[in-house]
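All remarks here apply to the structure that follows.
FYI, it's all coordinate maths here, none of it is from the lab. Note that the structure is predicted; figures quoted are calculated from it, not measured. Heads up, the Cβs are rebuilt from the backbone with ideal geometry, glycines too, and the neighbour counts pull from every protein chain shown.
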């Protein structure tokens with residue numbers, strides 16, 4: 001649902017409380033995902049701000065060829081200011097809410113711009129770094145047009161789960177999710193607008 005327009009113009013960006021609002025979905029093998037639709041109200045302003053940052057096109061080796069990564073990327077380390085103050089607020093709110101389970105703070109913010117339905121990310125787990133061996137969390141704030149985040153267990157034998165994410169929705173993948181499950185944003189032939197994914201991670205998780 002698009003952000004509502006107030007009498008004075010677009011709603012200012014504002015985060016909902018996390019306590020007693022997120023819905024946890026227990027998966028297999030100690031994995032789980034928390035979901036909070038519409039966590040960020042007034043997300044259109046943040047989306048428009050992020051569209052103007054210095055996005056970077058990447059190329060990667062794919063078998064015998066070097067191909068374009070089908071999305072634009074930008075990564076912010078913990079020492080680099082985030083491009084909108086509500087993103088700093090979001091990172092702090094996530095760190096506070098998950099402090100007991102995570103035992104550390106969210107630090108980095110990786111961002112992906114999916115320009116249309118042809119942009120995607122293949123099935124994978126964020127297993128570069130400590131998440132290859134230990135439980136951790138990755139929190140994703142989605143802005144812009146909704147796209148489905150698909151999840152499936154690495155071991156197979158389970159239906160694929162799909163979460164429509166956009167317009168300020170939050171999903172947090174925790175427990176063993178990065179090791180025992182995979183996630184993807186799959187291509188679609190349906191007409192869709194651009195979507196930005198902001199991924200908050202602890203240090204040395206990517």
Report summary line: In whole angstrom, the spacing between the Cα centers of segment 139-156 and segment 83-131 equals 12
Report summary line: Relative contact order in percent for the chain (Cα pairs under 8 Å, 6+ apart) equals 27
Report task. Provide Rg and Dmax in Å for segment 14-201, with only Cα atoms included in the calculation. Result -> 15.9, 50
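Among 173, 111, which comes first, then next, by fewest other beta-carbon atoms within 10 Å?
On the way: 173 25, 111 22.
The order, fewest Cβ neighbours first, is 111, 173.
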